[in-house]
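> Below you'll find the structure I mean.
Each reported figure results from applying straightforward, stated rules to the coordinates on display, with no laboratory input. Being a predicted model, the structure only gives us computed values, none of them experimental. Cβ placement follows ideal geometry from the backbone for every residue including glycine, while neighbour counts extend to all protein chains displayed.
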Ligand code: SF4
Ligand code: SF4
C-alpha cells in the first residue's frame with residue numbers, strides 16, 4: 001500500500017485566506033508561542049466577517065509558513081484543518097474531488113483513486129470505525 005509523504009510544496013499554506021481558528025486552537029497556539037491570547041490575536045490573526053478568525057497572510061502565505069524550510073512554524077499545534085490536509089472528507093467522496101486535489105498536492109501525485117480508497121480503508125481499520 002502506498003503511504004502519503006508531504007513534498008513540502010507549500011500549496012496548502014498559500015493563498016490570501018487561511019483556515020479559521022477555533023477557541024481551543026487559539027488557546028493552544030497562544031500557549032505554544034508563549035503569548036497571551038489577546039496578543040496572539042492582535043499579532044497573528046485577522047477577523048473575517050462577524051465570527052471567523054483566520055491567521056494573517058504575508059506575501060500570499062500563512063504567517064506561520066516558513067519559506068526557507070517549507071515547514072509550519074507551529075507544527076505541533078497547527079489547526080485541525082491543516083493536520084487533516086489533504087485527506088479532507090471531500091476527497092474520499094468522489095473521484096472528481098480527488099483528481100482536483102491531486103493536481104495541487106504534490107504528495108498525492110503518484111496516487112490513483114484505488115490507492116486512495118485502500119489507504120482510507122486502512123486508516124479506518126486503524127481507527128476501528130470500519131463496520
Ligand atoms: S500541498 Fe501536499 S505536498 Fe504540498 S505542502 Fe501541502 S500536504 Fe505537502
Ligand atoms: S498553520 Fe501551518 S500548516 Fe496551517 S496554513 Fe499556516 S503554515 Fe500552513
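> Kirkwood hydrodynamic radius, region 11-77, all distinct C-alpha pairs: what's the number in Å?
12.2 Å
> Another question about this same structure. For the Cα atoms of the chain, what angle does the longest principal axis make with the long axis of helix 23-33, in degrees from 0 to 90, nearest 10?
The two axes meet at around 70 degrees.
> May I pose another question? In whole Å, what three semi-axes, largest first, describe the equivalent ellipsoid of the chain built from its Cα gyration tensor (square root of 5 times each eigenvalue)?
Square roots of five times the eigenvalues give 30, 17, 14 Å.
> Further question: For region 1-40, divide the Cα radius of gyration by the Kirkwood radius and give the resulting Rg/Rh value with two decimals.
1.15
> Follow-up. With a 10 Å Cβ neighbour count serving as the proxy for reagent exposure, in which order, fewest first, do 9, 82 appear?
Ordered by Cβ neighbours within 10 Å, fewest first: 9, 82.
> Can you give the convex hull volume per residue for the Cα atoms of region 44-110, as a whole number of Å³?
137 Å³
> If you rank 51, 99 by fewest surrounding Cβ atoms within 10 Å, what's the result?
Ranked by crowding around the Cβ, least crowded first: 51, 99.
> Something else now. For the chain, what is the calculated [θ] at 222 nm in deg cm²/dmol (nearest 500), taking -39500 (n - 2.57) for each run of four or more DSSP H residues and dividing by its residue count?
Calculated at 222 nm, the ellipticity per residue is -11500 deg cm²/dmol.
> Anyone know which of 50, 70, 39 comes out most mobile in the 10 Å Cα GNM of the chain?
Among 50, 70, 39, the largest GNM mean-square fluctuation belongs to 50.
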